[in-house]
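Notes for the one structure printed next.
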Amino acid sequence: MLPELAPAEREYMLRPGTQEVSYMTTALGMVASGLGLTVCPTYSAPLVRAHGLQMVRLESPDFHREVCVYSAARRSLSPAAASFVEVLEGFAREQQQKG
């Protein structure tokens with residue numbers, strides 16, 4: 001999570017008393033045991049519920065994640081894959097324009 005934060009937020013998250021773990025299940029288990037709270041992506045909702053926890057949407061800071069499309073190095077994209085990449089790029093442009 002830390003690379004996705006702006007420098008000021010990253011520094012805040014690294015202050016004494018904070019913990020960073022490698023696995024979301026570890027973080028959720030710690031929270032379920034009463035050892036604080038954690039920040040997770042929304043796709044973790046089933047795991048959050050399985051641990052008996054609740055999710056609260058963060059309004060700030062705004063998180064951005066770089067993603068890539070991967071394909072075979074020596075093959076061109078199929079027409080369907082090329083269309084999919086175009087849709088993704090269009091969506092990304094729309095999101096960037098929103099702000």
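Every number here is computed from the coordinates shown, using simple stated rules; none is lab data. Just so we're clear, the structure is a prediction, and the values are computed from it rather than from any experiment. Heads up, the Cβs are rebuilt from the backbone with ideal geometry, glycines too, and the neighbour counts pull from every protein chain shown.
Farthest toward the dipole's positive end in the chain, which of 77, 24, 56, given Cβ charges of +1 (Lys, Arg) and -1 (Asp, Glu) about the Cα centre?
With unit charges placed on the Cβ atoms, the residue in question is 77.
Assuming R0 = 41 Å, what is the FRET efficiency of residue 89 and residue 35, from their Cβ-Cβ distance, to the nearest 0.05?
The calculated FRET efficiency here is 0.45.
Per DSSP H run of n ≥ 4, the term is -39500 (n - 2.57); total these for the chain, divide by its residue number, and report the mean residue ellipticity at 222 nm rounded to 500 deg cm²/dmol.
-12500 deg cm²/dmol
Run the simple label-point estimate for residue 19 and residue 57 please: 7 Å along Cα→C-beta, distance reported in nm.
With each label point 7 Å from Cα toward Cβ, the separation is 3.0 nm.
Roughly what % of Cα-Cα distances in the chain sit above 24 Å, to the whole percent?
So the portion of pairs separated by more than 24 Å is 44 percent.
For a quick check, take a GNM of the chain with Cα springs below 10 Å and name the residue from 89, 66, 11 with the largest mean-square fluctuation.
Comparing 89, 66, 11 in a Gaussian network model of the chain, the most mobile one is 89.
Helix 79-98 versus the longest principal axis of the chain: what angle, 0 to 90°, nearest 10, using Cα atoms?
The angle comes out near 50 degrees.
Express the relative contact order of segment 6-98 as a whole percentage, based on alpha carbon pairs under 8 Å and six or more residues apart in sequence.
After rounding, I find 16 percent.
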